[in-house]
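*Asks:* Here it is: the structure, laid out below.
The values are calculated or read from the model by the stated rules, or taken from the named source; none is laboratory data. Predicted model, so just to flag it, every value in this text is computed and none were measured. FYI the Cβ positions are ideal-geometry reconstructions off the backbone, even for glycines, and counts take in every protein chain you see.
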Amino acid sequence: MRYEGTIYRPPGEWKSYLLQCTVGCSYNECTFCEAYKNKSFRVKPLDYVIEDINRASVLYPQTETVFLCDGDAIVLPMDYLLAVLRRIKAAFPRLRRVTSYAGPVSSMKKTPKELRRLCGAGLNRVYLGVETGDSELLARVKKGVDAEGMLRAGLALREAGFDLWVTVIAGLEGGGEAYLRNAALTARLLNRMQPQHLSVMTYMPMYNTPMYEDIMTGKMAVQSPRESLQETRELLRLLTLRDTHFTANHPSNLLPLKGTIDADTPCFLKMLDEEISRASTRRTIKAHMHG
């Protein structure tokens, strides 16, 4: 397969065939993310992508799931996406699911009719990086939308029929008790959106990002381990989701959690309380670099 640069995919797509349709992210402004900072966004030629699918059908004929890379493949033109989806369906007889990232800005560039058409053509699941429900914080990290805009994007994807997987990031607001506001506003947004899946990650400073520079210059603090756990607990306490698949088992998370909201929420809260009682209040900076 012909990949350009480092390829990223959600943890749940570890078994998927990764099909690179775009290079980089069409938005690429988020101050906390360095994943695509070394790439200039462009769309790969359709004939290259079709050739890659044809090769994969020979090498991996048992493929059941396909993830469209890079950062937000949903931004691709309709004709392009539909052609790719048709070829994927024809190439893999055992196909169960096609997925992609979906940025809030790029998602809203599609009409409701176009989103429904993509879902009907086989793009089953999309991953939306909500990050936070705090409009002020969304502006600070340059996500491109406020909380209402993020809600509209999520609801549009859900109403189009997609299996919606949302991610949020604890600690984007920095250290101290600001996590109480972030958890409350994020829970309010998610309760209105009602995604089928929710993953919580913990902010890790990334080299070569504006947020990393803010931490190095003292403009932003980082959470202590205890604050990170407390934010996750407060978020879970306030969520009123219905049978939502939940994970907090990313390498950034201090306490791995996986289950269902709200059936497993009491167990989650108990586990978090036990871990919080042991957690450090010391703030240390551990910078990470993808790749």
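*Asks:* Here are some residues: A147, A178, A170, A121. Which one is over 19 Å from T209 (Cα atoms) and buried (at least 20 other Cβ atoms within 10 Å of the Cβ)? Steps first, please.
*Replies:* Working: A178 fails: buried (at least 20 other Cβ atoms within 10 Å of the Cβ); A170 fails: over 19 Å from T209 (Cα atoms); A121 fails: buried (at least 20 other Cβ atoms within 10 Å of the Cβ).
Answer to the check: A147.
*Asks:* Scanning for something in contact (Cβ under 8 Å) with a residue 40 or more places away in the chain, of a type in the set (S, T, N, Q), outside any loop (DSSP other than H, G, I, E, B) and on the phi < 0 side of the Ramachandran plot, does the range 111-134 turn up at least one residue?
*Replies:* No: the range 111-134 contains no residue that is in contact (Cβ under 8 Å) with a residue 40 or more places away in the chain, of a type in the set (S, T, N, Q), outside any loop (DSSP other than H, G, I, E, B) and on the phi < 0 side of the Ramachandran plot.
*Asks:* On to the next question. Limited to the range 200-218, what total is found for residues that are touching a residue at least 60 places away in the same chain (Cβ under 8 Å) and outside any helix (DSSP H, G or I)?
*Replies:* 7
*Asks:* State whether the residues of the range 171-180 include one that is among the charged types (D, E, K, R) and farther than 19 Å from A221 by Cβ. Walk me through how you get there before you give the answer.
*Replies:* If we filter the range 171-180 for residues that are among the charged types (D, E, K, R), which is where we start, we get 173, 177.
Filter once more, keeping what is farther than 19 Å from A221 by Cβ: none.
No, the conditions are met nowhere in the range 171-180.
*Asks:* Kindly indicate whether any position in the range 159-170 is part of a helix (DSSP H, G or I) and modelled with pLDDT of 95 or more. I'd like the intermediate steps shown before the answer.
*Replies:* Taking the range 159-170 as the starting set, the residues that turn out to be part of a helix (DSSP H, G or I) are 159.
Narrowing the set further to residues that are modelled with pLDDT of 95 or more leaves 159.
Taking every residue of the range 159-170 in turn, at least one turns out to be part of a helix (DSSP H, G or I) and modelled with pLDDT of 95 or more.
*Asks:* I'm trying to understand the selection: among the residues of the range 1-17, which are surrounded by 17 or more Cβ atoms within 10 Å (Cβ to Cβ) and out of contact with any helix residue (DSSP H, G or I) (no Cβ under 8 Å at 6 or more places or on another chain)? Quick ask: steps written out before the conclusion?
*Replies:* Keep residues of the range 1-17 that are surrounded by 17 or more Cβ atoms within 10 Å (Cβ to Cβ), which gives 8-10, 12-13, 16-17.
Residues satisfying the conditions are Y8, R9, P10, G12, E13, S16.
*Asks:* Pick out the one residue from T99, T6 that is modelled with pLDDT of 95 or more and either under 24 Å from V145 (Cβ atoms) or among the polar types (S, T, N, Q) (or both).
*Replies:* Details: T6 fails: modelled with pLDDT of 95 or more.
The conditions single out T99.
*Asks:* Report, by residue number, each residue of the range 17-71 that is without any contact (Cβ under 8 Å) to a residue 24 or more places away in the chain and either in a helix (DSSP H, G or I) or among the polar types (S, T, N, Q) (or both).
*Replies:* Once the filter is applied, which keeps residues that are without any contact (Cβ under 8 Å) to a residue 24 or more places away in the chain and either in a helix (DSSP H, G or I) or among the polar types (S, T, N, Q) (or both), the range 17-71 yields S40, D47, E51, V58, L59.
*Asks:* Now a separate question. Within the range 219-272, work out how many residues are in contact (Cβ under 8 Å) with a residue 24 or more places away in the chain, among the charged types (D, E, K, R) and part of a loop (DSSP other than H, G, I, E, B).
*Replies:* 1
*Asks:* Criterion first (without any contact (Cβ under 8 Å) to a residue 12 or more places away in the chain, out of contact with any helix residue (DSSP H, G or I) (no Cβ under 9 Å at 6 or more places or on another chain) and in a helix (DSSP H, G or I)) does D79 satisfy it?
*Replies:* On the way: without any contact (Cβ under 8 Å) to a residue 12 or more places away in the chain: yes; out of contact with any helix residue (DSSP H, G or I) (no Cβ under 9 Å at 6 or more places or on another chain): no; in a helix (DSSP H, G or I): yes.
Here the answer is no, as D79 does not meet what is asked.
*Asks:* When you go through (1) part of a loop (DSSP other than H, G, I, E, B); (2) under 19 Å from the mean Cα position of the chain (by Cα); (3) free of Cβ contacts under 8 Å to residues at least 60 places away in the same chain one by one for P195, which number turns out not to apply?
*Replies:* (3)
*Asks:* Taking the range 256-291, which residues are under 19 Å from the mean Cα position of the chain (by Cα) and either modelled with pLDDT of 80 or more or basic (K, R) (or both)?
*Replies:* Let us first name the residues in the range 256-291 that are under 19 Å from the mean Cα position of the chain (by Cα), namely 256-261, 288-291.
P256, L257, K258, G259, T260, I261, listed by residue number.
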